[in-house]
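Student: Following this message is one structure expressed as structure tokens.
FYI, it's all coordinate maths here, none of it is from the lab. Nothing here was measured: the structure is a model prediction, and the numbers come from that model. Here Cβ is always computed from backbone atoms with ideal geometry, including for glycine, and neighbour counts include all displayed protein chains.
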Amino acid sequence: MTTAVVISTVITEQSAQSAVLALNDDNSIAAFETSSSDNPANDGLLFWTIDNINHLFHNQFWYRIGSTSKENEINALNLIGINQTQPASNQLSATYAGNGFEMVLNFQLDGGVPGSGTSSLFENIDIKNTSSNKLDFHLFNYTDFDLTDNGQDDTVKISTDMATQFDSFTLGKEVINPSASDYQVSPFPNILDALSDNFPTNLSNVGGPLTGEDAYAFQWDFVLEPEKSFSIKNYKSIKPVPEPTINLGCLIGFGSLGMLWRLRRISLLKKQNSFFHL
């Protein structure tokens, strides 16, 4: 509850060019920092609480144009528009302008029934080439979940179109479209350090599984023709780990054994009755 109040205050007091904006729906709250700070871990999505438990440490988008320059976080771009129908609604759109392109981030938070431990977050990214030249574009989606507010016990696995992360209580999943050119899971803060340095980064396609304080990222490589756009859809979901269930085959097996035991018992009783009537 305290977190939600602080976020609302920030929205009121800061301008649209620098603000922490809240997404709020049913049992869920998420916070998005629109501006850029000295610490990249303080930008982008800062947390995602479900039933008052935080499951996200950091989620941010990075980009690079060409094959030789460094990556930059999108928060370093010029923020030219924010669209949120009301403070702390469940939808948010932020538009950034770069050198020859514009990028729009659309977020939608769908919380679950209070107490369910479930929630979903949709992220749609649209990149448009506003220049008269082709753009050799590279986009990175970096995510650091700390499920159940603790990442030390998390296990992560990633592929070209999906990442899964779980601990003893919670399961997190991210599904993307289109599939990534490259991907990587690595101990924190290896990927973040690589994106933050002065050299170009290409993810290693190490998919895990890894257990511990880890983070993962997707990478898309594409060429944007003048006035053309490229869109990416990300779907993140959090839910409790399902309770263990008895395998149907085991139930059938146990049922068969029970029936066999009953048939043997009936047969034994018939033999006993025949003996007593001799």
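Student: Using the per-residue mean of other Cβ atoms lying within 10 Å as a proxy for protection, in what order, highest first, do the peptides 23-30, 95-102, 209-216 fall?
Tutor: With the highest mean Cβ count within 10 Å placed first, the list reads 23-30, 209-216, 95-102.
Student: Could I ask something else about it? What aspartates and glutamates does K239 reach when the alpha-carbon gap must be under 19 Å and sequence neighbours fewer than 8 apart in one chain are set aside?
Tutor: The qualifying aspartates and glutamates are D25, D26, D51, D110, E123, D144, D146, D149, D153, D154, D167, E174.
Student: N99 to F222: extension gain in nm, 0.36 nm per residue of separation minus the Cα-Cα distance?
Tutor: Numbers: separation 123, 0.36 × 123 = 44.28 nm, distance 1.68 nm.
Using 0.36 nm per residue and subtracting the Cα-Cα distance, I get 42.6 nm.
Student: With a cap of 13 neighbouring Cβ atoms within 10 Å, and only residues DSSP puts in a loop, list the trypsin sites (Lys or Arg not before Pro) found in the stretch 82-188.
Tutor: When the trypsin sites (Lys or Arg not before Pro) of the stretch 82-188 are filtered for loop state and at most 13 Cβ neighbours within 10 Å, K134 remain.
Student: Which whole-angstrom value gives the distance between the alpha carbon centres of the stretch 137-183 and the stretch 193-217?
Tutor: For the stretch 137-183 versus the stretch 193-217, the Cα centre distance is 11 Å.
Student: Output ³J(HN,Hα) for the stretch 154-164: one whole-Hz value per residue in order, computed from phi by the Karplus curve 6.51 cos²θ - 1.76 cosθ + 1.60 with θ = phi - 60°, and x for Gly and Pro.
Tutor: Once rounded to whole Hz, the list reads 6, 10, 10, 9, 9, 9, 5, 9, 7, 10, 10.
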